[in-house]
Structures are given as structure tokens and as C-alpha cells.
């Protein structure tokens, strides 16, 4: 494939995004099958975030946002209920916003961006949960969520670095 | 692969871990012994119960069914007709500060402080 400095071809981008949505959906499903029961709904491996972050680095901001939001809505419709979707959506939006800013900042590699994304995904979820329940006591679980985000963010970050350095340039 | 990781990343990771541990200190107000189980539905107080009693508490509002059981100093969501069943899968809680949440039903069951309030049950 020849490298090109022209903007990415529309059809190519469309196909890549579609595949990305499918991939993220499957990862969503897989991680839902792994029970991580720490008492708070929302402790997850963050596998779909791998797709999101690779899109951010390889294709661009708009693609990352589109794929992310569509994936969350689809996964919500297919696998979980309305409230879990809302909750996931809040986390995903906050997380992508932070990742986007961190990437622009330039001082962090994909690992740092992934970490920020993971932490703020959980923070977004816990804030939404506390608003729905109208109780601040749910923040009791914040430390657990932060530590688990640190772990999953690191793992996804390492995988992300390996991946973006191996797939072809678009 | 490790050439791509920058120092800032490591510092960020350490910062996050430190904040996580620090927040653990802030949040840790666990008291053993008798506690108060508070149940809130849609943000309003549904009832307060002592952790010491053995009691079945059904919460049935607008077709939303939850069954909370307090027994042997532990609280759990025995049944729920919500879709995700996250609240049932959590299991039992027993310490002050812990909570069981049923998001679709906007139901919160939490254990707080001590039962110095002196009430066995309050419903509204």
C-alpha cells in the first residue's frame, strides 16, 4: 500500500470504522462475560477502549467519537438495559474527551492517554450513578475504581502501543 | 516497544495510584458492630433498619420489585426484576459505607454509621 499524504479516502474510512464498531462490540460482549464482582457495577477490563484509542491515533478524532458512541448504544441495546447504557455512555464520553485532550497535550504516549481514559471512564460512571441514585455514598467505591482503572488502563495502553506500531499506516 | 513509553506516563501512573490510595484513606470510615441500613428509592428515604435484626424488606413500586434481606448482620438483594441483575450478583454487604445499588430501579441500600437513631423501622 503506498503511503499518501492526501486525506483519507471516504470509502476506506467508512469500512475501517465499520470494522472497528464490530470489533468493539465483540470486545464489549467478551468483557461482559468475564465476571469481575467487586460490588460496583462498572469494574471492567476496558477492552473496547483498545479500539477507541487505536482509532484516535490512527484515523482521527471524529472516527473515534463516532465509533465509540455507536458502539456504546448498540452494545447497550443488545446486551444490557437502558440504565447501564446511559451509565456507560457517560463514562465513554468523558473518557474520550480526556483522551483526546491528553493526546493533544503531547507529553504522554498512548499509555498515558489510555490511563487517563480508563480513570475518567470510571469517574464518569460513578458520577452518573450518584446522580441517578441521588446519593453521594456511592463514592465509597471510588478508590477501588481508580486502582482498577490504573491496572486496566496500563494493560490496554501497552497493547495499544504494540498495535499501532504494527498496523499499516492509513 | 518500551521506547515509546515516556517518563510522563510512568509519573501519571504513579499519580493515579497515589490518588487511589489517598482516596481510600478518605473514604475509609468502616465501623464494625451494629449499623443502620438505609434504603432510598428514587432519592427519597424508604426506610431505616437496624443491621442486627433478621428481616425481609420487599420494595415494590410501579412494578419494580426488589427484595432486600437483612440477616446475621449482612444485607443482600435477594431478588430483583431488573434486567441487569447487577444488584443481586453483588452478594452481601456488612460494613458501614458499603452499599448495594439497583440503578434501573433507582434503589439504594446502604449501611451507615451506628444505629444510635434508636428507631427500628421508619417508612414513609
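Every number in this text was worked out from the coordinates using simple rules, so none of it is lab data. All values reported here derive from a predicted model rather than from experimental measurement. Methodologically, a virtual Cβ is constructed for each residue, glycine included, from the backbone with ideal geometry; neighbour enumeration extends over all protein chains shown.
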Contact order relative to length for chain A, counting C-alpha pairs under 8 Å separated by 6 or more residues, stands in percent at 24
First measure r as the distance between the Cβ atoms of residue A:9 and residue A:163, then evaluate 1/(1 + (r/R0)^6) with R0 = 25 Å and state the FRET efficiency to the nearest 0.05. 0.70
Over the range A:90-170, what is the relative contact order in percent, taking alpha-carbon pairs closer than 8 angstrom and at least six residues apart? 35
Going by how many other Cβ atoms sit within 10 Å of their own, how do A:17, B:102 line up, fewest first? A:17, B:102
Can you sort B:75, A:144 by how many other beta carbons sit within 10 Å, fewest first? A:144, B:75
If I fit a long axis through the Cα atoms of helix A:48-58 and take the longest principal axis of the Cα atoms of chain A, what angle between them do I get, 0 to 90°, rounded to 10? 30
Approximate spin-label separation residue A:77-residue B:8, in nm, with each point projected 7 Å along Cα-to-Cβ: 3.9
Between the helical axis of A:142-164 and the dominant principal axis of chain A, each derived from Cα atoms, what acute angle in degrees is found, rounded to the nearest 10? 10
Using alpha-carbon positions, the gyration tensor of the range A:1-153 gives root eigenvalues a ≥ b ≥ c; with a/c under 1.5 called rounded, otherwise prolate if a/b exceeds b/c, else oblate, the class is prolate
By the Cα gyration tensor axes a ≥ b ≥ c (a/c under 1.5 gives rounded; else a/b larger than b/c gives prolate, otherwise oblate), the shape of the protein assembly as shown is prolate
Burial ordering of B:24, B:77, fewest other beta-carbon atoms within 10 Å first: B:24, B:77
